[in-house]
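Working notes, beginning with the structure itself.
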Amino acid sequence: MSVTSGLTEVTDADFETEVLGAELPVLVQFTAEWCGPCRQLAPVLRDIAAEEGDRLKVVQVDVDRSPRTTMAHGVLATPTLMVFRGGEPVRSMVGARAKRRLLAELADAL
């Protein structure tokens, strides 16, 4: 587990522990270094992680470094955002979005 762009990076090796086994709901950004919209989304996710840290965990999965997790969850585009609750994916969104819109979309998943 490393920290990139201010967010914790989860890999194939620790996805089960860090995401599926988490107490809180987890927002996972499937990202890549070469993805422009992913970089645009990073500050939004950092803000949400700081503001909602008591009720939401925010992590990143690099699709190139963690292909098994990426394929297991059917991720075909970056950025893909998935919310996991109780080890199950409950929400999936593709593409960058503004913070207000993302918070609105997350509200029903939390």
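Observations on the structure shown:
- A convex hull fitted to the Cα coordinates of the range 46-110 yields 94 cubic angstrom per residue.
- Sum of -39500 (n - 2.57) over DSSP H runs of 4+, divided by residues of the chain (222 nm, nearest 500): -8500 deg cm²/dmol
- Loop-located GluC sites (Glu not before Pro) in the range 1-63 (DSSP state not H, G, I, E or B) with no more than 11 neighbouring Cβ atoms inside 10 Å: GLU23.
- Taken about its Cα centre, the chain carries a charge dipole of about 440 debye when Lys and Arg each add +1 at the Cβ and Asp and Glu each add -1 at the Cβ.
- Each other residue within a Cβ distance under 15 Å of ALA104 adds +1 if Lys or Arg and -1 if Asp or Glu, for a net charge of 0.
- Calculated Rg and Dmax of the chain using C-alpha coordinates, Å: 12.3, 32
- Spatial offset of the range 77-110 relative to the range 44-72 amounts to 10 Å, using the alpha carbon center of each.
- Paramagnetic reach from LEU24 in the range 40-60 [backbone N under 17 Å; point 7 Å along Cα→Cβ]: 43-60
- The trypsin sites (Lys or Arg not before Pro) of the range 29-110 meeting both criteria, a DSSP state outside H, G, I, E and B (loop) and at most 16 other C-beta atoms within 10 angstrom of the site's C-beta, are ARG55, ARG65.
Every number here is computed from the coordinates shown, using simple stated rules; none is lab data. Just so it is clear, the structure is predicted and the values come from calculations on it, not from any experiment. Every residue, glycine as well, gets a Cβ built from its backbone with ideal geometry; the counts of neighbours run over all protein chains shown.
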